[in-house]
Amino acid sequence: MDALLYLTVWVSLSLFALAEIARDRTVESWPRAVSAAGLALMIVHILIAMGVRHGWQHAAAVAATAQQTNQVYGVEWGWGIYVNYLFVVTWGMAVPGFRGSGVPGFGVPEVPRFWVRTARVFFLVVIANATIVFAVGWRRVLGVAIVGVLLYAWRARTVARRPAL
């Protein structure tokens, strides 16, 4: 079951990064579908973790999160699990209005740049912590690759929007 636990989260985050590369570069809807599939896999990952690792006991999940945080940062803080929940909710809110400028025909209003940037910083902090700081071995290398793809995707859009000199 550990293999499925890890497979769901890594495929999920890889799909997130793939969708972010294409987010504003195409008018087609496939990036939104890819992001939604990644989100669904993340929810499956959480459900597997809660069932297999924590016996459906939320207190056990909080305690395990606190222990892991203590091992990495030296602070016993279980609230990281709520940060993960907020990550999933934020991702879920981003899927319907996938493009920063709104999705024509779907009645999704334009999202102010401040909120897009704030969400990206939040995503980056959570993903970097989960895939680089808390990961070990080859998973850390994969985490660096995912974070690198996200930085490329988000920076490339910023550079492309700058006016020509």
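When residues in segment 143-154 are screened for being within 23 Å of M93 (Cβ to Cβ) and either touching a residue at least 60 places away in the same chain (Cβ under 8 Å) or surrounded by fewer than 17 Cβ atoms within 10 Å (Cβ to Cβ) (or both), 6 of them pass. Whenever a residue of segment 18-40 is on the phi < 0 side of the Ramachandran plot, its partners that are part of a helix (DSSP H, G or I) and hydroxyl-bearing (S, T, Y), lying with C-beta atoms within less than 6 angstrom and at least six residues away or across chains, give the pairs A19/S35; G38/S12.
For segment 130-142, residues that are part of a helix (DSSP H, G or I), in contact (Cβ under 8 Å) with a residue 24 or more places away in the chain and out of contact with any Phe, Trp or Tyr (no Cβ under 9 Å at 6 or more places or on another chain) total 0. Looking across segment 61-80, the residues that are of a type outside the set (S, T, N, Q) and within 15 Å of L5 (Cβ to Cβ) come down to A61, A64.
Looking only at segment 33-57, filter to residues that are of a type in the set (A, V, I, L, M, F, W, C) and surrounded by fewer than 13 Cβ atoms within 10 Å (Cβ to Cβ); which one of those is farthest from L124 (Cα to Cα)?
Kept after step one, since they are of a type in the set (A, V, I, L, M, F, W, C), are these residues of segment 33-57: 33-34, 36-37, 39-44, 46-50, 52, 56.
From what is left, the residues that are surrounded by fewer than 13 Cβ atoms within 10 Å (Cβ to Cβ) are 47, 56.
Details: L47: 23, W56: 28 Å.
So, considering only residues that are of a type in the set (A, V, I, L, M, F, W, C) and surrounded by fewer than 13 Cβ atoms within 10 Å (Cβ to Cβ), the one farthest from L124 (Cα to Cα) is W56.
Could you go through segment 19-32 and let me know if any residue there is crowded, with 18+ Cβ neighbours inside 10 Å, β-branched (V, I, T) and more than 19 Å from L124 (Cβ to Cβ). The answer is no, given that none of the residues of segment 19-32 is crowded, with 18+ Cβ neighbours inside 10 Å, β-branched (V, I, T) and more than 19 Å from L124 (Cβ to Cβ).
Bear in mind these aren't lab numbers, they're just calculated from the coordinates by the rules spelled out. These numbers come from a predicted model, not from an experiment. When we count neighbours, we look across all protein chains shown, and the Cβ atoms used for this are built from the backbone with ideal geometry, even at glycine.
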